[in-house]
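Below is one structure, written out as structure tokens; the observations come after it.
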Amino acid sequence: MVEPLGVSASIVTLVGTAFTIAKTLHDFIKRLRHAPQDLLALSNEVSELSLILTSINHASSTSSHTATSQALTECLQSARQDLHDLDAFTKRLVISRTPAKNCVDRLAWARHKKEAVALQSRLRDSRLSLSVLLGASSV
């Protein structure tokens, strides 16, 4: 059985990670003129995942449903991996890492567009799974 405190700690960590990556991705997109739709969709997916994680964090602090704790832990681990993969992906696209200016390699974006679409799909799946678990735990 998974301890509620461990799940809560995982949620808090993941919420922080999601917000950090969402901000990084938002800044990344701001630096791109006319960001591709796929990149904007990816940013939206991260923002929506952040909202779900915030809701789960709130729900887990007010409830102690252990029936869904194992499934929640697995979904959180999957979401964490997806966010770390997204972070690594965006870092590969930045060719200049000075704090004032991140230059984005548009050729790298074109080469790795399929990877971005796959990441978006994985993030969507994680978000939907977490939404279902959130709904199940509030019943």
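The values are calculated or read from the model by the stated rules, or taken from the named source; none is laboratory data. Values in this document were obtained by computation on a predicted structure and should not be read as measured data. Counting neighbours? That spans all protein chains shown, and the Cβs are built from the backbone with ideal geometry, glycine included.
A few notes on this one:
- Of ALA9, ALA88, ALA79, all but one fail to be at pLDDT 75 or above, over 12 Å from LEU123 (Cα atoms) and either outside any helix (DSSP H, G or I) or aliphatic (A, V, I, L, M) (or both); the exception is ALA88.
- Residue among ALA116, ALA71, ALA41 that alone is more than 17 Å from ILE11 (Cα to Cα), at pLDDT below 85 and assigned to a helix (DSSP H, G or I): ALA41
- Of all residues in segment 107-137, those satisfying the criterion of being surrounded by 17 or more Cβ atoms within 10 Å (Cβ to Cβ), of a type in the set (Gly, Ala, Ser) and touching a residue at least 60 places away in the same chain (Cβ under 8 Å) are ALA116, SER126, SER131, SER137.
- Taking the criterion of being closer than 16 Å to ALA41 by Cβ and modelled with pLDDT of 80 or more, the residues of segment 91-113 that qualify are HIS112, LYS113.
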